[in-house]
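Each value in this text was obtained by applying a stated rule to the coordinates, not by laboratory testing. This is a predicted model, so every value here is computed, not measured. Counting neighbours? That spans all protein chains shown, and the Cβs are built from the backbone with ideal geometry, glycine included.
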Amino acid sequence: MADGSIGLWTVPLAVLGGAIRVSTPFLFVSLGECITERSGRINLGLEGTLVMGAMSAYGISYLTGSPWLGVLAAGITGALLGALHAGICSLPRVNDVAVGIALMLFGTGLAFYLGKPLIEPTAPRLPAIDFGWWSDIPQLRAALRVNVLFLIGVVLAPILYWAFRTTRWGLLIRTAGESSDAARAMGHSVLLIRLRATMVGGFLAGIGGSFLSLFYPGSWNEGLSSGQGITAVALVIFARWDPLLCLWASLAFGGAAALGPALQSVGVTSGYHLFNAAPYILTLAIMIVTCSPKRTLTGAPAELSITR
Amino acid sequence: MDFGRISRRHLLQGGAALTLGAAAGARPAFAADTTIGFIYVGSRDDYGYNQAHAQGAAALKKIPGLKVVEEEKVPETDAVEKTIESMINLDGATLLFPTSFGYYNPHMIKMANKYPKLRFEHCGGLWTDKDPKNAGSYFGYIDEAQYISGIVAGLTSKSGKLGFVAAKPIPQVLRNINAFALGARSVNPKATTQVIFTGDWSMPVKEAEATNSLIDQGVDVLTCHVDGPKTMVENAARRGAFVCGYHTNQSALAPKAYLTGAEWNWEALYPKFVKMIAAGEGIPNFYRGGLKEEIVKTSPYGEAVSAEARKAADEAKAKFLSADGFAIFKGGLVDNKGKTVIPAGTDRGQKDPELEKMDYLVEGVLGATS
């Protein structure tokens, strides 16, 4: 302790810190996708939305000097991309998965193109709240430097859970997702509900992107997302379209991502490729454990193109 | 899509031939038909490896008559062969620089065999006598600059714990880690260098996590060998640690935390290559050099570097620049498993090909290659 090292405690601390630092983009994208999929559409384009959000947040923060304006811009960009997805999918005989893949490529490509001049400059970052003030261990204090977006995400998950169950809007979204005929019979436009749900989903995914570029790792570059958006979409499936499970799954993924580097730092060096792959192994393991050949995916909205 | 591309290619080929013919009369001797192709694995302004090469390419663009074509983000797969083919067939490139390590074998070798009259220059230490004669590899002994970074880091660190965020355990990366650690131990025999491998060249989240984990372990000076050091530099500076840069100068990102750094000097080397071709002597297949040959350089010292550290680093630099040079990897070198990797009495000078096969971490490095 005397030399400022905390030895093996680094590992649980890094997993805790990683769960807080790394999970936020997963959380926002998966909550957004949860809303979209509950309405009966899959938007695979959220990887592109995440990257576009990261780029636009960084650009606006750099140009205006206000990172919060950047977060807003990321959300709006995401909502627009969501509207594009929903708009194309409103056309007859359009496959939402195919449109999603196209938008994923479009979003990342556009972000790389527009983001070229943003790689070098340094933009103002989002502030952190120091929850570790009570501790005099610098490592713990660093792990507990939490960004407001993470807290918003954590609060948003139970709110969504509640909203899906008890509010009119939640019911409408679920109706559109379970049986579009029923929603139509009630006199609602299914396309309009899905448009709104996809836009809200895009808005949240864009904000997730702003966390990447404005807080952690905290700068814009092209490798920034490295597939986190698509992982988050997969995460919704094994979270069974449940916002609360999305929260736990995101935290687990964040912690797993921190495991590889943390183990190496305390000297567990053999098989670090395996530990670096921990998030993906976790996905596979959960998929295998929760899947059963005897029944379909529980909780899957009946209108989704993968279950229909 | 495939047949569409062929017809487009023929069309463009015809067009290129026409412009070439028109230009040939007006241009000076060598430059008229010299188009140079640069291929980067990542983005050309990544504050790192690719930016260093792009700065070299930019130096070539200033030379009248030379045409430079560039393509970024070409993966280390057969995609690079397609890029090379299109640079040759569509742009008429006669000198190609596929700059990333993984482009070499089998991709660049295959292309060099297919186009024996063109010249292929690969950045890395891979060319051997068995490879085509129109291929070559050039590399800088950037470990010399890393050794100097290590000296500065060793004299700046209070805990004696240094950190190294590395991509993959390949010889060039290991050589940098070892040189950095040996530099630090030359001034502080108790210094340790903790290494974390992220597994790939550009993994920003992993690099940030690695940086945080190292600092949690008490590391107070960090350096790295990944494609874009920006993530490590910014995150380490935020935690109050010092950093040594890599590839290019990152001091603008963290002026207070930046000590020094190991930089490429391609903007000096590439124009030299072009002059060699123009003079008709050709580029040697195996081209190497360090600080003395101006292929690598060190960043100017940051404000946090003490007078003592500056003096020690300048002395080491003077040794590298001297006529005899200076061997970082001396006889009797022991790895971190206790095995003697260089027998006593045989210093391995920089040009020793044995060093290109390095697969160990020296004593004082905490970590393992697999």
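Observations on the structure shown:
- The percentage of C-alpha pairs in region B:232-370 whose separation is greater than 27 Å is 39%.
- Dividing the convex hull volume of the alpha carbon atoms of region B:165-215 by its residue count gives 68 Å³ per residue.
- Taking a straight line from the alpha carbon of A:Lys116, these aspartates and glutamates sit under 16 Å away, with near neighbours fewer than eight places off in the same chain left out: A:Glu222, B:Asp45, B:Asp46, B:Glu70, B:Glu71, B:Glu72.
- Per-q log10 I(q)/I(0), the protein assembly as shown, q = 0.05, 0.07, 0.08, 0.12 Å⁻¹ (Debye; single scatterer per alpha-carbon; no solvent): -0.27, -0.52, -0.67, -1.28
- Taking every DSSP helix (H) stretch of at least 4 residues in the protein assembly as shown, weighting each as -39,500 (n - 2.57) and dividing the sum by the residue count yields a mean residue ellipticity at 222 nm of -17000 deg cm²/dmol.
- Less than 5 angstrom separates the built amide H of B:His247 from those of B:Ala262, B:Trp264, all sequence-distant by 5 or more or on a different chain.
- When you restrict to C-alpha pairs under 8 Å that are six or more residues apart and normalise by the size of chain A, the relative contact order lands at 37 percent.
- Centre separation in Å (Cα based) which lies between region B:203-247 and region A:211-262: 21 Å
- Between region B:296-366 and region A:142-189, the Cα center-to-center distance that results, in Å: 59 Å
- Relative contact order of chain B, defined on C-alpha pairs under 8 angstrom at six or more residues apart (%): 17 percent
- Quotient of the Cα radius of gyration of region A:179-308 and 2.2 N^0.38 Å, N being its number of residues: 1.32.
- Ordered from longest to shortest, the equivalent ellipsoid semi-axes for region B:172-265 are 18, 15, 15 Å, each the square root of 5 times a Cα gyration tensor eigenvalue.
- Whole-Hz couplings from phi, Karplus 6.51/-1.76/1.60, listed for region A:93-104; x for Gly and Pro: 6, 9, 8, 5, 5, 5, 4, x, 5, 4, 6, 4
- Per residue, the convex hull spanned by the Cα atoms of chain A measures out at 145 cubic angstrom.
- Part-to-part distance (alpha-carbon centres) for region A:12-90 and region B:69-116, which is given in Å: 36 Å
- Per the Debye formula on identical point scatterers at the alpha carbon atoms of chain B, with no solvent, log10 I(q)/I(0) at q = 0.07, 0.08, 0.15 Å⁻¹ is -0.32, -0.42, -1.27.
- Among the listed pairs B:Lys297/B:Lys351; B:Lys319/B:Lys351; B:Lys61/B:Lys317, a Cα-Cα separation exceeding 22 Å is found for B:Lys61/B:Lys317.
- By average C-beta atoms within 10 angstrom, highest first, the peptides B:52-63, B:287-298: B:287-298, B:52-63
- Translational diffusion of region A:2-109, estimated by Stokes-Einstein from the Kirkwood radius over alpha carbon pairs at 20 °C in a medium of 1.002 mPa s, is 136 µm² per second.
- Burial ranking of peptide ranges A:257-266, B:358-367 (average Cβ count within 10 Å, highest at the top): A:257-266, B:358-367
- Amide H contacts of B:Phe38 (H built 1.01 Å from N, under 5 Å, at least 5 apart or other chain): B:Val69, B:Glu70, B:Glu71, B:Phe97
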